[in-house]
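Here is the structure we will look at, set down as structure tokens.
Nothing in this text is a laboratory measurement; each read-out follows from the coordinates by a stated rule. Everything numeric in this text was worked out from a predicted model, so none of it was measured. Glycine gets a Cβ as well: all are built from the backbone with ideal geometry, and neighbour counts include every protein chain shown.
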Amino acid sequence: SQTIHQWPATLVQPVGSPLSLECTVEGTSNPNLYWYRQAAGRGLQLLFYSIGIDQISSEVPQNLSASRPQDRQFILSSKKLLLSDSGFYLCAWSDTFRNTEAFFGQGTRLTVV
Amino acid sequence: DAKTTQPNSMESNEEEPVHLPCNHSTISGTDYIHWYRQLPSQGPEYVIHGLTSNVNNRMASLAIAEDRKSSTLILHRATLRDAAVYYCILRDNFGNEKLTFGTGTRLTIIP
């Protein structure tokens, strides 16, 4: 069966520090991968999505970047965090060719101080 | 992307049925209607999806209007554990596209 792993669960980082959040999927190949951010009390904002290695689309201009070094690995990074980067970050995957559901990780709650 | 419109919030009494509406007047012929829900401090989870016909599963029922411009998620007997934000989204038939969520409907269950 397919599983999605996202870590860490919580993170407190100072302003200006770098960020690296990792997401891996098991049990499937060539998944669509997604990064979302949810500010407190707000909806889900799509940050990046990827339909394959080296195929990453950015949805919102910001100081974040995403990479997909392997088929089932999706990494969210920042060189210098801002206070406004605080939020709940979620990784998700869905099947590339079938219209099935998307599966979400447990999320990382990031607090920038 | 085809857009969806949902009420910001709804309340329902425990053990009563709940009807959560969604409007999608610009839906295309190849768009599936998906519903997800997000419990507090968790990632969204899939609830149900459909194309034209009404759908039932162990979690809920999905009623789709004949013109497909609206749909309703039905929770037959709400429990306190159903309190969540419910999202209605449209997905292309082939699934190979970005997945965007609106603000959803925050459902409160009254004991």
Item to complete: Check cross-link reach from A:Lys80 to the aspartates and glutamates: straight Cα distance under 18 Å, and skip same-chain residues fewer than eight apart.
Response: A:Glu22
Fill in: Estimated dipole of chain A in Debye, rounded to 20 [Cβ of Lys and Arg +1, of Asp and Glu -1, Cα centre]
320
Worksheet item: How large is the charge dipole for the protein assembly as shown, taken about the Cα centre, if only the Cβ atoms of Lys, Arg (+1) and Asp, Glu (-1) carry charge, to the nearest 20 debye?
Response: 420
Worksheet item: Pulled fully out, how much extra length does the chain show between B:Lys69 and B:Thr5, if you take 0.36 nm times their separation in residues and subtract their Cα-Cα distance?
Response: 22.0 nm
Worksheet, complete the sentence: Rounded to 0.05, the calculated FRET efficiency for the beta carbons of B:Glu15 and B:Lys98 at R₀ = 41 Å is 0.60
Practice prompt. Starting from the Cα of B:Lys3, draw a straight line to each of the aspartates and glutamates and keep only those under 12 Å, dropping any in the same chain fewer than 8 residues away.
Written response: B:Asp31
Response to the item:
In terms of the alpha carbon gyration tensor, root eigenvalues a ≥ b ≥ c, rounded if a/c is under 1.5 and otherwise prolate when a/b exceeds b/c or oblate, chain A is prolate
Fill in: Residue-averaged beta-carbon neighbours from other chains (10 angstrom radius) around B:44-51
3
